[in-house]
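Supplied in structure tokens, the structure appears directly below.
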Amino acid sequence: MAQDLYCWRCDRVVPMLTEPEWERMAPALDEAVAEVQRYRVSTASSLQTALARPHGRGALKLYYRMTGQLETKPDAIRHHRLSLYGPPCAHCGKPLRTPRASHCAACGAMRAEAAVE
Ligand SMILES: [Zn+2]
Ligand SMILES: [Zn+2]
């Protein structure tokens, strides 16, 4: 099951995908990129134009089925992966920005279980 977690880039709580979910999502995201590339080739348009068009519907639908959350940009799903983030900060509860972060970027608290590795 996806886990609700604060996302640093979106600045809101979003459902983050677990690894088994991510394994199913990755091909759909690859397909979203392929769609954009096909559009660019067939219309000789810029990347910006191609990205502005609706794309990655498969990935968005899959994300909705997994999380019940409507997302409009496949690019946002790309970083909604649980394993990209660290454990929640013991002080403020926001996830550490990376699995190896030594302190919390939100409140500055040092990581509780420091020296795990
Ligand atoms: Zn996000
Ligand atoms: Zn914190």
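Can you work out which of the residues in the range 76-88 that are open to solvent by less than 20 Å² (accessible area, probe 1.4 Å) and either under 11 Å from Tyr6 (Cα atoms) or in a helix (DSSP H, G or I) (or both) is farthest from ligand 1 (Cβ to nearest atom)?
Ile77
Counting residues that are within 14 Å of ligand 1 (Cβ to nearest atom), among the hydroxyl-bearing types (Ser, Thr, Tyr) and in contact (Cβ under 8 Å) with a residue 24 or more places away in the chain, which helices (runs of 4 or more DSSP H) fully inside the range 8-74 reach at least 2?
Working: elements: 19-43, 47-52, 57-67.
Result: 57-67.
Still on this structure, please answer the following. When you scan the range 8-18, how many residues do you find that are crowded, with 19+ Cβ neighbours inside 10 Å and either among the polar types (S, T, N, Q) or within 16 Å of ligand 2 (Cβ to nearest atom) (or both)?
Of the residues in the range 8-18, 0 are crowded, with 19+ Cβ neighbours inside 10 Å and either among the polar types (S, T, N, Q) or within 16 Å of ligand 2 (Cβ to nearest atom) (or both).
Condition check ((1) modelled with pLDDT of 95 or more; (2) under 16 Å from the mean Cα position of the chain (by Cα)) across all residues:
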| position | (1), (2) |
| --- | --- |
| Leu51 | no, no |
| Pro54 | no, no |
| Gly68 | yes, yes |
| Asp75 | no, yes |
| Leu84 | yes, yes |
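Just one of His91, His79 is in the same structural domain as Glu21 (by TED's automatic domain parsing) and either over 19 Å from the mean Cα position of the chain (by Cα) or closer than 30 Å to Glu31 by Cα (or both); which is it? Walk me through how you get there before you give the answer.
Numbers: His91 fails: in the same structural domain as Glu21 (by TED's automatic domain parsing).
Going through His91, His79 in turn, just one is in the same structural domain as Glu21 (by TED's automatic domain parsing) and either over 19 Å from the mean Cα position of the chain (by Cα) or closer than 30 Å to Glu31 by Cα (or both): His79.
What about Ala101, is it outside the structural domain of Met16 (by TED's automatic domain parsing), surrounded by 12 or more Cβ atoms within 10 Å (Cβ to Cβ), over 17 Å from Cys10 (Cβ atoms) and without any contact (Cβ under 8 Å) to a residue 24 or more places away in the chain?
So Ala101 fits the description; yes.
Okay, next question. Out of Arg24, Arg38, Arg53, report the one residue that is touching a Leu at 6+ places or on another chain (Cβ under 9 Å) and over 16 Å from Leu5 (Cα atoms).
Matching residue, one of Arg24, Arg38, Arg53: Arg24.
The values are calculated or read from the model by the stated rules, or taken from the named source; none is laboratory data. Note that the structure is predicted; figures quoted are calculated from it, not measured. Cβ coordinates were reconstructed from backbone atoms using ideal geometry, including for glycine residues, and neighbour counts include every protein chain displayed. What goes into the accessible areas is simple: the full protein's heavy atoms, side chains included, and nothing from ligands, DNA or RNA. Shrake-Rupley method; radii C 1.70, N 1.55, O 1.52, S 1.80 Å.
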